Amino acid sequence: MEDSIALMIPIFGIVFGILIAIVAIVTQHRQKTQRADLRHKERLAAIEKGLELPPETEDPEDLGRRSRSGSLRSGLTGIAVGVVLYFALDELVGQRIALFGLIPAAVGFANLLFYFIESRRKSNGNSDAIGQ
């Protein structure tokens, strides 16, 4: 009985984690679609009234800010998940297998490194951002 419960805990955790991710992606997509529809209707109304349309480009500074904050969040999350996974695997199966838990920690460290490099680049006034 205890063995089956112990086996079901990670399965439920993985399944619910994936479901939460799917719901978040679908919700975000719906919000983007609704914003695009509203922007489209607004532009059509402006055209019908004969008003001048503003350019439809997003602010590149805003895009860079979102990218950097996302890197900070995913970096911290990756490090935390990697360290916890390392200690959990070390306790369950041994240190050789537990080293695989450091992979998410390395990815998290890379994201943090990107965040700090971009922050330093922006504070020095260099507008050339990676990936733009």
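Restricting the range 40-52 to residues that are exposed (fewer than 10 other Cβ atoms within 10 Å of the Cβ) and assigned to a loop (DSSP other than H, G, I, E, B), which is modelled with the lowest pLDDT?
By that ranking, first place goes to GLU52.
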When you scan the range 16-36, how many residues do you find that are over 19 Å from the mean Cα position of the chain (by Cα) and either open to solvent by 100 Å² or more (accessible area, probe 1.4 Å) or under 27 Å from LEU89 (Cα atoms) (or both)? 2
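Residues that are modelled with pLDDT under 90 and among the polar types (S, T, N, Q): list the helices (runs of 4 or more DSSP H) wholly contained in the range 57-130 that include at least 3 such residues. Don't jump to the end; show me each part of the working.
On the way: elements: 60-92, 95-98, 102-123.
Output list reads 60-92, 102-123.
The values are calculated or read from the model by the stated rules, or taken from the named source; none is laboratory data. Values in this document were obtained by computation on a predicted structure and should not be read as measured data. Reconstructed Cβ throughout: ideal geometry from the backbone, glycine too, with neighbour counts over all protein chains shown. When the accessible area is computed, the model is the full protein with side chains, heavy atoms only, and any ligands, DNA or RNA have been set aside. Shrake-Rupley method; radii C 1.70, N 1.55, O 1.52, S 1.80 Å.
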